[in-house]
Amino acid sequence: MLRQSEDTMKYLEEPIMRPPQEAASLLVRATRGCTYNDCLFCYVSRGFAFMAASLEHFEQEIIAKKPFFPENTPVYLTGSNPFALPAAKLKEYLAVLRKHFPHFSRVSMQSRIDDITAKSDEELTELYSLGLSHIYTGTENGNDAVLKLMNKGHSAADTVEQLLRLDAAGISYTAFYILGMGGKGMGLASGEATARMFNQVHPKLITTTGMTLFEGTPVAEMAKHGEFVEASEREKIEELQIFLKTLTVDTFYDGVHYLNPLNYRFANGDTAKKAQVLADIDETLRTSSDAELELMVSRRQMVSL
């Protein structure tokens with residue numbers, strides 16, 4: 001057995017996380033930590049400096065897992081934003097994957113908006129041709145005031161510009177949206193602004209979570225000092241309602257997540273299903289007390305993993 005170096009052990013320290021949609025995928029560790037790590041709400045990579053897997057370690061993990069996955073497996077490269085790596089490094093990873101899984105169905109990974117900015121149009125097109133066909137983008141919100149409040153490091157206009165570049169390269173993407181990210185009183189403006197932002201691009205899927213103040217994050221400290229006031233569950237649901245009413249793009253909405261107060265999954269083009277969902281939201285808001293809505297998600301009992 002090969003001996004693990006100190007750098008390897010550091011690289012393996014961070015727990016592996018993946019989107020729910022990647023449950024059946026081959027998970028391969030590509031990076032640890034986040035190149036930015038300054039979003040005030042995020043708890044995922046705090047305490048972990050950014051580090052990329054060596055090609056040797058990357059290949060060793062693939063070889064170890066190879067017997068357990070079909071030849072056409074989808075592949076998910078783990079880490080908070082592996083797409084921050086230079087295109088040359090990503091091409092090396094893709095070549096190793098193709099060597100051991102010549103018929104993999106796709107490769108996906110997480111990306112910040114500025115990670116896309118750093119790649120040329122030619123690099124995006126080449127990465128797509130090599131099998132990198134899906135990106136999970138940390139869009140989070142379409143309201144610039146909220147993005148600035150949470151120190152996301154990009155604007156809604158930046159999001160539109162970079163996602164259109166992914167469209168042009170053929171790379172599909174899942175967009176994330178955090179309900180309640182702006183705090184109390186910002187829900188309706190955020191829902192409308194976020195829908196209008198997504199209406200300008202072509203997300204394959206939009207997935208939501210509800211803003212949760214995990215211990216140890218800057219926003220949790222802000223809340224303790226009265227610098228941030230959480231949106232209620234009612235406000236989060238109202239934000240979702242105006243978002244869905246305003247959303248017109250042909251996409252799939254996947255809101256089945258434990259941090260959401262309400263869970264729905266439907267194609268936005270399915271007008272009958274969407275009408276049913278909006279009617280259900282309206283009924284929930286009309287018939288449930290604030291106290292009942294607060295019990296839908298036990299945020300106070302949650303801890304980061």
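The values are calculated or read from the model by the stated rules, or taken from the named source; none is laboratory data. Computed from a prediction, not measured in an experiment: that's the story for all the values here. Neighbour counts run over all protein chains shown; Cβ positions are idealised from the backbone, glycine included. Heavy atoms of the whole protein, side chains included, go into the accessibility calculation; ligands, DNA and RNA do not. Shrake-Rupley method; radii C 1.70, N 1.55, O 1.52, S 1.80 Å.
What to note about this one:
- Full extension of the chain between Asp250 and Asp282 gives 9.2 nm of extra length, using 0.36 nm per residue less the Cα-Cα distance.
- Among Leu55, Leu213, Leu164, the largest mean-square fluctuation in a Gaussian network model of the chain (Cα springs under 10 Å) belongs to Leu55.
- Calculated FRET efficiency for the pair Asp38/Lys66, C-beta based, R₀ 45 Å, to 0.05: 0.75
- Database note for the chain: Cys without another Cys beta carbon under 4.7 angstrom, Cys34.
- Helix-derived mean residue ellipticity, 222 nm - over the chain, DSSP H n ≥ 4, -39500 (n - 2.57), to 500: -11500 deg cm²/dmol
- For Lys99 and Asp167, a Förster radius of 22 Å and the Cβ-Cβ distance give a FRET efficiency of 0.15, rounded to the nearest 0.05.
- For the pair the stretch 283-297 and the stretch 158-196, the centres of their Cα atoms are 26 angstrom apart.
- Using the Cβ-Cβ distance between His257 and Met51 with R0 = 30 Å, the FRET efficiency computed as 1/(1 + (r/R0)^6) comes to roughly 0.60.
- The listed residues Arg112, Arg286, Arg165, once ranked by accessible area (1.4 Å probe) with the largest placed first, stand as Arg286, Arg165, Arg112.
- Cα-projected label distance for Asp144 with Val229, points at 7 Å along beta-carbon direction, nm: 2.5
- On full extension, the segment bounded by Lys204 and Ser298 gains 30.8 nm, given 0.36 nm per residue less the C-alpha separation.
- For GluC sites (Glu not before Pro), the sites in the stretch 184-223 that DSSP calls loop and that have at most 14 other Cβ atoms within 10 Å are Glu215.
- GNM remark for the chain: springs join alpha carbons under 10 Å apart, and the peak mean-square fluctuation among Phe266, Phe41, Phe176 falls on Phe266.
- Among (1) 62, 45, 42; (2) 60, 41, 34; (3) 58, 55, 39, the entry that matches Cα extents along the principal axes in Å as calculated here: (2)
- Spin-label model, Ala157/Ala267: points 7 Å from Cα along the beta carbon direction are separated by 3.6 nm.
- GNM top mover of Pro218, Pro82, Pro20 - the chain, alpha-carbon springs below 10 Å: Pro20
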